[in-house]
Amino acid sequence: MSKTFRKKSILLVNPYIEDFSAYDHFSKPLGIIWLASYLKEHFTVYFINVLNRLHSSVKKVKFKEDGRGDFPKQIIKTPECLSDIPLYYKRYGIAEEAFRKELLGLPEKPDYVFITTGMTYWYTGLSYTIKLIREVYPESKIFVGGIYASLLPSHAERVSGADVVVPYQNIGKVIGFLEKYFSLRFSKEVKMPSYDILGEYYYLPLMTSTGCIYKCSYCASSILNSFEQFNPENVFQWILVMNQDYGVKKIVFYDDALLYKSETHIDVILQKIIESSINVQFYTPNGLHIRFLSERTAQLMRKAGFVDIRLSLESSEERFQLESSGKATNIEFNRAIENLYRAGFERKNIRVYTLLNVPGQRESSIEKTMEYIYKSGAIPMLAYYSPIPGTLDFEKSREITDVDEPLFQNNTVYLYRSGFNLEYLTYLKKKELQYRT
């Protein structure tokens, strides 16, 4: 008799977060659901999203109109090394018993568990997730990938409790790593993410490219990924599937360089969307490059259904612009705002990130930047700097306070320990609120 070979299984997990604050600001684990599209070629794939706000165990679910909202959470003991921070420490995600129930409810014991990671300072939530999985499936081999595993692979190997650390964020390198590990071959085509495993579709994330063309002193995008734009026709087809098969009307771009070479990329995608007459709304939480926001692109964005425009100015101070990135000037910013207004956007649609607490930044420049943005016709949004390993500003941060321990790379921790004037911060928050209203 011939033997029946069982297809091996992989459980994908979006883990707990432990932090002073966390919020579903269009936060979906796009990387791991994208990876699922490839894994399905050889494995049975399951998925548990610990941060699922719509989980049956979550009693109070608050949604903003655009889909954002609070993660389920509970207050936990603050790590001793963070005891000087006068805030409650929390664990974000479904209750432990609910997670155990999800694990025990799988159709089979997974041969492997793949866990994604986010911020470096969330590693304690990752370790807690692994601990719970080990208690239920002690024999399953656990892999860890994502941002933390890519930026601090040695730390992840020592501390996380995983069996295998995949030190790449780039999907091609991840696939290459897994091909060697499993002695398999995966498809080389750029696939649509497996949105089917998410199970909830109030909004969906989308990337039309990976990486970034700039190497900003405070950002790790170019470190984590090489820049590559996907075929516009393929992206358009993905959007059709998201809208028609999943009923999604809110799509969130995760690109770091969405507008680059717009004539042959995003403009093509938007024109196809307009011609298709599908009813969708688009959001850009990662911020758009001001330099590439042409009048034509602004017009197409308006017609295609963009409702929330986020721009990455960071500072109106010319010295800061040149030293940190050189990606935008005030003249280019003013031109971008004019293009958006000509297209029919209003102040309420346009929010502009203003970096706060970057090493070497003059505190007074933050308020000046906020005033400049508002007078230009947009709404300023404070963006809190956190030290990211591998960046130029991380080295400058080390000269200010200890940031080598990943927990100290938390933007809240760094804010308290860097010497930033907290009374001035309170003032800036009030100004930010005034500008919104």
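The values are calculated or read from the model by the stated rules, or taken from the named source; none is laboratory data. The structure displayed is predicted, hence computed values, not measured ones. So basically every Cβ, Gly included, is an ideal-geometry build from the backbone, and we count neighbours across all protein chains shown.
Listed conditions (1) in contact with a Phe, Trp or Tyr (Cβ under 9 Å, 6 or more places away or on another chain); (2) closer than 30 Å to Ile269 by Cβ are all met by Asn243, apart from (1). Test Leu204 against the criterion of being hydrophobic (A, V, I, L, M, F, W, C), touching a residue at least 40 places away in the same chain (Cβ under 8 Å) and buried (at least 22 other Cβ atoms within 10 Å of the Cβ), and give yes or no. Criteria met by Leu204. Within the range 94-112, one or more residues are in a loop (DSSP other than H, G, I, E, B), crowded, with 17+ Cβ neighbours inside 10 Å, over 25 Å from the mean Cα position of the chain (by Cα) and modelled with pLDDT of 95 or more. Could you tell me whether any residue of the range 26-34 is of a type in the set (Val, Ile, Thr), in contact with a helix residue (DSSP H, G or I) (Cβ under 8 Å, 6 or more places away or on another chain), buried (at least 18 other Cβ atoms within 10 Å of the Cβ) and in a strand (DSSP E or B)? No: zero hits. Among the residues of this structure, Ile213 does not count as one that is assigned by TED's automatic domain parsing to the domain that holds Glu323, more than 21 Å from Asn170 (Cβ to Cβ), in contact (Cβ under 8 Å) with a residue 24 or more places away in the chain and not polar (S, T, N, Q). Within the range 1-47, the set of residues being among the β-branched types (Val, Ile, Thr) and at pLDDT 95 or above comprises Ile10, Val13, Ile17, Ile32, Ile33, Thr44, Val45. If we scan the range 180-189, do we find a residue that is surrounded by 15 or more Cβ atoms within 10 Å (Cβ to Cβ), without any contact (Cβ under 8 Å) to a residue 60 or more places away in the chain and out of contact with any strand residue (DSSP E or B) (no Cβ under 6 Å at 6 or more places or on another chain)? Within the range 180-189, none of the residues are surrounded by 15 or more Cβ atoms within 10 Å (Cβ to Cβ), without any contact (Cβ under 8 Å) to a residue 60 or more places away in the chain and out of contact with any strand residue (DSSP E or B) (no Cβ under 6 Å at 6 or more places or on another chain).
Within the range 1-16, can one find any residue that is more than 27 Å from Gln281 (Cα to Cα), touching a residue at least 12 places away in the same chain (Cβ under 8 Å) and in contact with a Lys or Arg (Cβ under 7 Å, 6 or more places away or on another chain)? The answer is yes; a qualifying residue exists. None of Lys249, Lys348, Lys327 is under 29 Å from Leu224 (Cα atoms) and either of a type outside the set (A, V, I, L, M, F, W, C) or surrounded by fewer than 17 Cβ atoms within 10 Å (Cβ to Cβ) (or both) except Lys327.
Within the range 342-393, take every residue that is touching a strand residue (DSSP E or B) at 6+ places or on another chain (Cβ under 9 Å), closer than 18 Å to Leu422 by Cβ and in a loop (DSSP other than H, G, I, E, B) and give me the one that is modelled with the lowest pLDDT. Among those residues, the one meeting the criterion is Gln361.
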